[in-house]
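A.B. asks: Supplied in structure tokens, the structure appears directly below.
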Amino acid sequence: MEELGEFTLENIEDCTHGIIVVDSASDDGESIEMVHWVGYWQEPEFEDFEDLKRELAEDDQFGLVDIADRLGYVVCSGDKLRELLGNI
């Protein structure tokens, strides 16, 4: 997928798809903690998931290295991502 820059909360209105990363250990049956998100200009491909998983498991800047094995990844529309981010 072509690298076009990064989405931020300020420019997320342009994204068409997203991946939400959740901590499966926080699932209490009613809610689950979103620990990271990524916006995309097109539907994420398998390689995008693999790159994201590797980055979160290896890069300490995200603070998720220690829990990388229990992270879950959910694809969503850009509209759904904006809705979820508006609720945090």
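A.B. asks: Out of Trp37, Trp41, which single residue is at pLDDT below 95 and surrounded by 17 or more Cβ atoms within 10 Å (Cβ to Cβ)? Don't jump to the end; show me each part of the working.
C.D. replies: Working: Trp41 fails: surrounded by 17 or more Cβ atoms within 10 Å (Cβ to Cβ).
Going through Trp37, Trp41 in turn, just one is at pLDDT below 95 and surrounded by 17 or more Cβ atoms within 10 Å (Cβ to Cβ): Trp37.
A.B. asks: Then there's this: Could you list, in sequence order, all residues of the range 18-33 that are within 15 Å of Val65 (Cα to Cα) and aliphatic (A, V, I, L, M)?
C.D. replies: Val21, Val22, Ala25
A.B. asks: Return only the number of the condition from (1) under 16 Å from Glu33 (Cβ atoms); (2) not in a helix (DSSP H, G or I) that Val75 does not satisfy.
C.D. replies: With respect to (1) under 16 Å from Glu33 (Cβ atoms); (2) not in a helix (DSSP H, G or I), Val75 is out only on (1).
A.B. asks: Just the residues that are among the acidic types (Asp, Glu) and at pLDDT below 95, please, taken from the range 1-34.
C.D. replies: Glu2, Glu3, Glu6, Glu10, Glu13, Asp14, Asp27, Asp28, Glu30, Glu33
The values are calculated or read from the model by the stated rules, or taken from the named source; none is laboratory data. Quantities reported herein were computed from a predicted structural model and do not represent experimental measurements. So basically every Cβ, Gly included, is an ideal-geometry build from the backbone, and we count neighbours across all protein chains shown.
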